[in-house]
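Report on the following structure.
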Amino acid sequence: MRAEYLEGPVISRPNILIVDDDQSIREFLEILLGKEGYCVCSAASGEDAIQLMGQKDVSLVITDVRMPGIDGVTLLKKIKAKCPDIPVILITAFASMDSAVAAMKEGAWDYLTKPFRIEEIREVVAKALEKRPKPQSLSRDPTNKVCRLDNMLSKSPAMLKIFQLIPRIASSPSSVLISGESGTGKELVARSIHNLGVRRDRPFVIVNCAGIPETLLESEMFGHTKGAFTGANHKKPGLFARADQGTIFLDEIGELPMTLQVKLLRVVQEKTFTPLGTTEEARVDVRIVAATNRNLEKEVMAGNFREDLYYRLDVIQIRMPPLRERPEDIPILVQYFLDKYSKEQNKSVQGISSYAMKALQQYPFPGNVRELENIIERSVALSTSNLLLPESLSLAKFKEQKTSGMDLASFEPRLGPEGCDLDKFLGQIEKKLLSMALERTNGVKTEAAHLLGLNFRSFRYRLAKYDL
């Protein structure tokens, strides 16, 4: 299932939750606040309210004090424990000074008595929403039409569609698959989805599926009990347990071994997993966001990735365009990184020459935004003036047409009368190509593996083989 990219401006209205066991009060407030332009939902009990808050991005709660089960003050405590930024207004027909003071001590925004005046409700609600801290959202600079979402900047139409999509899906529980080349900003998108959603106050946990040795990956993801294996001297919760109620970001999901793909499928489908060393299942509530620089559809057809897991992860798909497809963003990002690293390094580099900018705009950026950031950071560190010049830039040599690594048609190996050591000869070529790939990607191993058409584990094996 593919996500639909939405056109037009992003419009966000505050969600107000009404909690009261009196249906007439709920209906009255729904009509009143709905006419004020708010999104309003309601619950007849504290228990229903807690469940509803796990499904919606609530901006304000108005709750009755006296209710069966979880009363208003108890509900207030629970809300403040999990979401301290959400203002809570208490209403009651049995007001007393002591109860009002107690409510304020627990963190209530205000305390109103029934019957309340319409203007009073409007004023208190407006002030509560005005003071509440808001997550960063989509904003536009009208002078140059640059848009910002969370920590991302762009004026590219392809990126603006992504900026418009993220707030719409942020509070959904559905899995998200972010695809794109290395260095395009997949982790930034995952963080924005988390930061703008209902889980933003809960953990955001990153699992680098390519960076953890295969023998340790299952323990890292799902945890283990004491004595589960040699060296397991104590019980250890896994990354899924740490991400409970929050978001888990599975980076380089295409590198996940087939055995763990089966276990991950169970987590996605059943919300359960089994730590190493035990047969007892553990339950977890996490939003799964995965990322890959591989074509998972091709990996499925090649038998390297489970088809059922792919479709479970690919509920909402976001494709990150490479930097060469959005050259209009290069000047914006250059200035952003200039400001960032000039401040960090206490330099006075204020701009970039037109010739240097032209060189950057003509460069294909195989490492995408990450490579651009590295270039600017290095250039600022080495700069001796307040302007970046072409000679300050360190751009890798890059052929427009990507070859297989060597031109076999023009390659003429010679076999002397004494013969040769074929394995040694091929090893020298392999070692040279590995070194070239690492140099091209500034030592980023996942990108170097991708350049050579290798999966990360095969690449890592070859590095160890040649002591690189």
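Some points to look at:
- No other residue among Thr215, Thr184 is closer than 24 Å to Ala448 by Cβ and part of a helix (DSSP H, G or I) apart from Thr215.
Residue-by-condition table, conditions (1) in a loop (DSSP other than H, G, I, E, B); (2) without any contact (Cβ under 8 Å) to a residue 60 or more places away in the chain; (3) over 23 Å from Glu373 (Cβ atoms):
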{"site": "Leu153", "(1), (2), (3)": "no, no, no"}
{"site": "Ser172", "(1), (2), (3)": "yes, no, yes"}
{"site": "Ala241", "(1), (2), (3)": "no, yes, yes"}
{"site": "Phe249", "(1), (2), (3)": "no, no, no"}
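- Per-region count, region 57-73, residues more than 27 Å from Asn195 (Cβ to Cβ) and aliphatic (A, V, I, L, M): 4
- Residue in region 297-305 that is among the aromatic types (Phe, Trp, Tyr) and in the same structural domain as Arg242 (by TED's automatic domain parsing) present: yes
- Tabulated pairs, region 58-69, first over 24 Å from Cys39 (Cα atoms), second part of a loop (DSSP other than H, G, I, E, B), C-beta under 6 angstrom, 6+ apart or interchain: Gly69/Ser45
- Options Pro257, Pro275; residue that is assigned by TED's automatic domain parsing to the domain that holds Arg191 and surrounded by 17 or more Cβ atoms within 10 Å (Cβ to Cβ): Pro275
- Unique residue being within 19 Å of the chain's Cα centre (by Cα) and not in a strand (DSSP E or B) when the list is Arg324, Arg370: Arg370
- Residue check, Glu47 more than 30 Å from Val284 (Cβ to Cβ) and in a helix (DSSP H, G or I): no
The values are calculated or read from the model by the stated rules, or taken from the named source; none is laboratory data. The structure presented is a predicted model; accordingly, all values stated were derived computationally and were not measured. Please note: Cβ atoms are built from the backbone with ideal geometry, for glycine as well, and neighbour counts cover all protein chains shown.
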